[in-house]
Every structure is written in structure tokens, then in C-alpha cells.
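A quick write-up on the structure given underneath.
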Amino acid sequence: MTQATPAYSRLSVLSDRHRALGTGFEASWNDMPVPQNYATDPYDEVVAVRTAAGLFDVSALRMIDVSGREALAVLNEMCTSDISRIAPGASSLTSVVDEEGALIDDVLVYCDGPDAYRISHGGGSLEDILPGIAQGRDVTFTKDNDVHILSLQGPKALDILSPHSAFALEGLPYFGHQKTTLFGRPVSIARGGYSGERGYEVFCASVDAVFLWDSILTAGKPLGVLPASWSCLDEVRVEGGLLFFPYDMPQGDTSPWEVGLGWTVDLSKPAFRGRDALERRKGQERVAQVGVEIDHHAAVEPGARLFRDGKEVGLVNSTAYSRYLMRSLALAHVAPELSACGTELELRGADGTFAARVVKTPFYDPLRLRTHPLEERTA
């Protein structure tokens, strides 16, 4: 069996657990090998996520602690949204752009208290610009390579975790987080995830990660929980219409306006990185972010082209064949005037030419009732 190469600077302490589940660490992300596939069928893992729960190791995310008297000012200069609106115990998605208004990262900012934040980010270049913005200011930023993140996603996630948490998880709102204990070990639990289901992300020290992984699976086994691979994660996030930087921004100079992230931009706050360019580019969108359904029995390849009346009008980015929904799906960019639901398109790719159409996203649970129940919206 293929072993994780020591050339990687980051390794999950759960690597042996992943190998026992059948992965050969066929892929890596953020300089950490990830379990792209297990011996189980990814579709069975998807079914577990949709009907019970799936447990993912997403420790490859990068976490940065930011603290100090000027922490808020630094984050507000770097990010497009108003970080001061994030209350302690809450978190928010935001964007980071360059001076031309092009996305260079999307991040989740957690507020732990006055002058204390955590940043979770993926494959973008936030870490290249943070030192320059922070230079000479009363702020400290530290990369946390010890933290491990276990993501339990699915309708039974609350039932699995709640009996073993010292905190009443049923009261935790979407994008809320709380320091507590789980199975007696210190953790921070956040409500969220990347699946389109109700889920919780457990942040723990590496010394506790194996114990917590085993304990969650043992507690969840009677309810149908399964360890879930990154192939499963990619499918459920496409079904949920969730973007993945930079794969859904392939142009390299994509603005937040062009991928439906305009809600992360607050042009009313004082000057921030890329503000003038974002103001200039608003209303000048070259592409629109859409969901596309394809008449094909398999996933099409990312990079396939979309046509209308013989003219190229778009590009396919993330794709999946959803056996759960029995549809071939894609997240794509099209000319803005063709973004209306029902617009008929032609897809041309390596596997052939297929009829396609623009449809509402998310493909799964289009009203997002799984993650945002009506009773919570009206509370």
C-alpha cells in the first residue's frame, strides 16, 4: 500500500486510520496528503451523509490565530466584508482580493472574543499578504499546524455528538462556535461544513484527534455513520452548490461579483485592499456563476465548454455525477445574459456533445432547509 511521502510538511495524525480504511493518499491539498478514496464506495458514503452522517478529516485546512489591539483593523483591511460585525462566538465567510479586485482567497473568520480571531482558509494566498498588512502594527498572527478538524456532516450529527458534549449543541446557531469538551477532551465545536447538511466541525489538538475520531465513529455506528473520503466531500459539496477556491474561479482574475460572492463585499466600510477595483468592476461582470444539468450518464470533465447557437458562451468548472440525485451536475460560468434558469445549452467535452441547461442551485435541497431549518429562521 502506498505510504504518505515524508516530503509533505504537514501530516494528519489520523493517517494510520485513513490507511486502514483503504486510502493510498492519492491526492494532497495544502501540502498535506488527504484520503481521496477509501475501500468503501463513495456513493455509500454520500448516502450516509444524506441520511445519517459522514465523518471527514479536513485537517488540511490552514488555520491562523490573529490577536492583538489592532487585529480587527488588520483583518478589515485585508478582507472585503466588515469583520467588526462578527460577534464573539460567531463566524463569517469573507473574500480576499488583490488590488485589481480579483479573488485570491476565500476564508472563514471566527471571532473568539475582543481582539481574538481565527482564520480558516484553503488554497489561496492570504498568507502571502497578511505579513505586509500586519507589519508595524499591534497584532500577532500564528499558523496553527497542530489543530485537527473532524467534520461530522449529516442529519444525525447532532444526535451523535450532543450526548457527549458539555455544551448544549442544539442551541448552537449556524456559523456559531463554542469551546467545550467532547468525550471529555477540550475542543471547539463549530456548526457548519461543506456538505449541504446540518453538520459540526470539531477543532482539537493533535494529541486528541485519534481518540475523538474513534469515539465519534463508535458513538455513531448504531445510527449509520461512516468515515467519508474526499471524493465523497467533493460530490456532496457540488450537490450543495458550494464553490471551491480556486477550481471554481479558473480565470485567475475572477471578482466576487462574478461568482455570487458579492454579499461578502461591503463597499461602505473604510478603505480596504482592492476596494476601488471592486467598486469599478461592479456591474462589469464578464461571467455569471450558475448550476448546469447535463444529459449524460457520467460526470463531465472540468474545463468542458458550453455553447449556445454554435457560439462558445461558458466554461464548466466543478463537476459530479450524483447517483443520489441521478443527474450529471456542473458548477459553471456562462455569459451573464444566459444565466436564467431553463436556458438551454450545448456541452462539448472529451466524452462527446450533450444537451445541458441552467438550473437552480443548490441542486440538493434548493431551499437550504437542511442547513437553515425554518424554525431557526423564524426564531
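Each reported figure results from applying straightforward, stated rules to the coordinates on display, with no laboratory input. Just so you know, these numbers come straight off a predicted model, no measurement behind them. Methodologically, a virtual Cβ is constructed for each residue, glycine included, from the backbone with ideal geometry; neighbour enumeration extends over all protein chains shown.
So for region 240-369, averaging the separation of alpha carbon pairs under 8 Å that are six or more residues apart and normalising by length, what relative contact order in percent results?
Here the relative contact order equals 27 percent.
In whole Hz, with x marking every Gly and Pro, tabulate ³J(HN,Hα) for region 337-347 from phi via Karplus 6.51 cos²θ - 1.76 cosθ + 1.60, θ = phi - 60°.
Calculated HN-Hα couplings, in order: 6, 10, 8, 5, 4, x, 4, 7, 9, 10, 9 Hz.
I need the calculated FRET efficiency for the pair Trp29 and Asp214, taking r as the beta carbon distance and R₀ as 25 Å, to the nearest 0.05.
Computed FRET efficiency for Trp29 and Asp214 comes out at 0.60.
If you keep only loop residues by DSSP, which GluC sites (Glu not before Pro) in region 94-175 have at most 14 other Cβ atoms within 10 Å of their Cβ?
Loop-located and lightly packed - Glu99, Glu100.
Determine one quarter of the surface area of the Cα convex hull of region 47-180, which equals its mean projected area, and express it in nm² to one decimal.
9.1 nm²
Taking region 215-347, how much of its Cα-Cα pair set, in percent, is spaced more than 20 angstrom apart?
55 percent
For region 290-379, which trypsin sites (Lys or Arg not before Pro) are in a loop by DSSP, counting at most 14 other Cβ atoms within 10 Å?
Passing both the DSSP loop test and the Cβ count: Arg323, Lys360.
What full-extension length gain, to one decimal in nm, is calculated for Arg286 and Gln135 as 0.36 nm per residue of separation minus the Cα-Cα distance?
Once the chain is fully extended between Arg286 and Gln135, it gains 50.8 nm.
At 0.36 nm per residue, and after removing the present C-alpha to C-alpha distance, how many nm does the segment from Asp159 to Ser206 gain when stretched out fully?
14.5 nm
Counting only pairs 8 or more residues apart or on different chains, how many lysine pairs in the chain have their Cα atoms under 27 Å apart?
Close lysine pairs found across the chain: 9.
Two-decimal Rg/Rh of region 187-262 from alpha-carbon positions, Kirkwood Rh?
We get a ratio of 1.07 for region 187-262.
Is it possible to state the helix-based mean residue ellipticity at 222 nm for the chain, with each DSSP H run of 4+ residues giving -39500 (n - 2.57), the sum divided by total residues, to the nearest 500 deg cm²/dmol? What is it?
-5500 deg cm²/dmol
At q = 0.08, 0.10 Å⁻¹, what base-10 log of I(q)/I(0) does the Debye formula yield for the chain when every alpha carbon is treated as an equal point scatterer in vacuo?
Calculated log10 I(q)/I(0) at the listed q: -0.42, -0.67.
Would you mind pulling out the separation of the Cα centroids of region 226-246 and region 144-199, in Å?
Their Cα centres are 18 Å away from one another.
At 0.36 nm per residue, and after removing the present C-alpha to C-alpha distance, how many nm does the segment from Ala39 to Ala168 gain when stretched out fully?
42.9 nm
Quick one: compute the contact order of the chain, relative version, from alpha carbon pairs under 8 angstrom and 6+ residues apart, as a percent.
Computed value for the chain: 17 percent relative contact order.
I need the GluC sites (Glu not before Pro) found in region 19-80, filtered to DSSP loop residues with at most 12 other beta carbons within 10 Å of theirs.
none
So for region 300-375, Kirkwood radius off the Cα pairs, Stokes-Einstein at 20 °C and 1.002 mPa s: how many µm² s⁻¹?
160 µm²/s
In whole percent, what relative contact order does region 190-270 give with Cα contacts below 8 Å and a gap of six or more residues?
For region 190-270, the relative contact order is 26 percent.
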